[in-house]
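Undergrad: The structure follows.
The values are calculated or read from the model by the stated rules, or taken from the named source; none is laboratory data. Quantities reported herein were computed from a predicted structural model and do not represent experimental measurements. Note: ideal-geometry Cβ built from the backbone for every residue, glycine included; neighbour counts use all protein chains shown. Accessible surface is based on the protein model in full, side chains and every heavy atom, while ligands, DNA and RNA are left aside. Shrake-Rupley method; radii C 1.70, N 1.55, O 1.52, S 1.80 Å.
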Amino acid sequence: MLEERKAGLKRASELLEGAKKILITSHKGPDGDAIGSALGLYHILRNAGHKCIVVLPDSWPSFYDWMPSQKDIFVFDKEEEKVVAELLDIDLTFYLDYNESRRRRPNFQTVLSEHPAPAIMIDHHRSPDEIAEVMYSFPEASSTSELVFDFAEGLEMKKRVDLNAARCLYSGIITDTGSFRFSSTSQRTHEVAGFLLERGVVPSDIHELIFDSNHEHRLKLLGYALYEKMRVFGRYGAAFIALSKTELRKFQYKKGDTEGLVNYPLSIDRVSFSTLITERENEVRLSFRSQGDFDVNEFARAHFNGGGHKNAAGGVSYYDLRTTVDRVVQLIKTLEAES
Ligand code: 5GP
Ligand code: MN
């Protein structure tokens, strides 16, 4: 793996050397690691004298709006024509925090897959598609933000990690590790975080910006979801919460309001598999979390056109909410039957 990493870095360094304008992209429904790694890399590359732009497929929860230079980001589904014009002279592209082109949204996927520039993937999801020339893919890493630091260090660009970059990368690390709680957290994760603190990051500031900026309705939605909607299948070690569009609307749902909700059932001592099911405009989204051996990446791939990591994954269903819920219940019951 060390050899592979070295070869990847060598090729990345050649590609960067010749690049006049660099595009940084991440996945649809950007989370803290998507936006944090994208902006972190943006600051690092700019500090190294590169011209670059960040394009995200759609917008992000407002609790990431404070991130340095978030105003520079192009949002593809809001300004498609502008992005297409910007892409004309791109000669190198980064794919951050996603491992398959399906995670970009259809229109953006078409534009990118037809783009001739070589690409570098920096990602930590399992079983990546070979869609980039350089695959800087390490599923054991806590977050893509940790890997962006690793990549920069490997290219001797550590000194380009200024406070702006550090605040973005730190945000990606804490959101993907549940503030250093999840099993993906390693010694290396803490070492990288330590370096970011050296650069001036104040952990309590970042936690407050991301986690203590709730609006009242979000907290009430959390209470409602746990009290009224959580179904626990103790015998099966599983639980799920399903929320309809109407329920979300009742609590004035805004993007990001259900982030983290899927983790709550896991804190019940006999629950080690949790699912959050939310009804969206044209689909039903599913979020899966597990503790221990049960592989939700496999589960999401097998049943819900999705994927992710062993203990955190997502997927989608094109059945209606009720049918999707029935399928989840059925699957929970088969799981126990199999084990
Ligand atoms: P979340 O439940 O927070 O949306 O996602 C959990 C993890 O699974 C994240 O790392 C996310 O990138 C990944 N994930 C979510 N949805 C999908 C999907 O549809 N396909 C794949 N491959 N990964 C997903
Ligand atoms: Mn991530």
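Undergrad: How much of Met135 can a 1.4 Å solvent probe reach, expressed as accessible area in Å² and rounded to 10?
TA: Roughly 50 Å² of Met135 is accessible to a 1.4 Å probe.
Undergrad: If the cut-off is a Cα-Cα distance under 18 Å, which lysines reach Lys6, setting aside same-chain residues fewer than 8 apart in sequence?
TA: Hits, sequence-local ones excluded: Lys158.
Undergrad: Quick check on the chain: what does the Kirkwood estimate of hydrodynamic radius come out to from the alpha carbon pairs, in Å?
TA: It is 20.6 Å.
Undergrad: In addition: Between Phe211 and Lys254, what's the calculated FRET efficiency when r is the beta-carbon distance and R0 is 22 Å? Round to 0.05.
TA: Plugging the Cβ-Cβ distance into 1/(1 + (r/R0)^6) gives 0.90.
Undergrad: If each DSSP helix of 4+ residues adds -39,500 (n - 2.57) and the sum is divided by the residues in the chain, what number results at 222 nm, nearest 500 deg cm²/dmol?
TA: -12000 deg cm²/dmol
Undergrad: Using a probe of 1.4 angstrom, how much of the accessible area of the range 57-166 is carbon and sulfur, in percent?
TA: Accessible surface attributable to carbon and sulfur in the range 57-166 totals 45 percent.
Undergrad: Here is a follow-up. For Asp293 and Lys71 in the same chain, what is the full-extension length gain: residue separation times 0.36 nm, less their Cα-Cα distance, in nm?
TA: 75.8 nm
Undergrad: Here is a follow-up. Could you state the angle between the C-alpha long axis of helix 187-198 and the longest principal axis of the C-alpha atoms of the chain, as a value from 0 to 90 degrees rounded to the nearest 10?
TA: Tilt relative to the chain: about 60 degrees.
Undergrad: For the range 1-114, what class follows from the C-alpha gyration tensor (a ≥ b ≥ c being the square roots of its eigenvalues): rounded when a/c is under 1.5, otherwise prolate if a/b is larger than b/c, else oblate?
TA: Here the range 1-114 falls in the rounded category.
Undergrad: Which distance in nm do the two modelled labels at Thr110 and Lys158 give, with both placed 7 Å along the Cα-to-Cβ direction?
TA: Distance between label points: 4.6 nm.
Undergrad: Could you work out the relative contact order of the chain? I mean the mean sequence separation of Cα pairs under 8 Å and 6+ apart, divided by the number of residues, in percent.
TA: 14
Undergrad: Check cross-link reach from Lys229 to the lysines: straight Cα distance under 21 Å, and skip same-chain residues fewer than eight apart.
TA: Straight-line reach from Lys229, under 21 Å: Lys220, Lys245, Lys250, Lys254, Lys255, Lys333.
Undergrad: Against the longest principal axis of the chain, how steep is helix 2-18, in degrees 0 to 90 to the nearest 10, with axes from Cα atoms?
TA: 60
Undergrad: Leaving out ligands, DNA and RNA, what percent of the accessible area of the range 172-313 is carbon and sulfur, probe 1.4 Å?
TA: Carbon and sulfur: 48 percent of the exposed surface of the range 172-313.
Undergrad: Here is a further query. Per residue, how much accessible area does the chain have with a 1.4 Å probe, in Å²?
TA: On a per-residue basis, the chain sits at 46 Å².
Undergrad: For the range 285-339, what's the radius of gyration and Dmax over Cα atoms, in angstrom?
TA: 10.8, 30
Undergrad: Once a ≥ b ≥ c are taken as the square roots of the eigenvalues of the Cα gyration tensor of the range 184-303, is the result rounded (a/c under 1.5), prolate (a/b larger than b/c) or oblate (a/b not larger than b/c)?
TA: Cα axes put the range 184-303 in the oblate bin.
Undergrad: Here is a follow-up. With a ≥ b ≥ c the root eigenvalues of the C-alpha gyration tensor of the range 261-318, is it rounded (a/c under 1.5), prolate (a/b larger than b/c) or oblate?
TA: oblate
Undergrad: Ser179 to Glu198: extension gain in nm, 0.36 nm per residue of separation minus the Cα-Cα distance?
TA: Length gained, Ser179 through Glu198: 5.0 nm.
Undergrad: Could I ask something else about it? Using modelled backbone amide H atoms (1.01 Å from N, in-plane), which distant-in-sequence or interchain residues come within less than 5 Å of Val54's amide H?
TA: Hits under the 5 Å cutoff: Ile24, Phe74.
Undergrad: Between Arg11 and Arg231, what is the spin-label point distance in nm, taking each point 7 Å from the Cα along the Cα→C-beta axis?
TA: Taking the simple label geometry, Arg11 and Arg231 are separated by 4.7 nm.
Undergrad: Against the longest alpha carbon principal axis of the chain, how many degrees, from 0 to 90 and to the nearest 10, is the axis of helix 32-47 turned?
TA: The answer is roughly 10 degrees.
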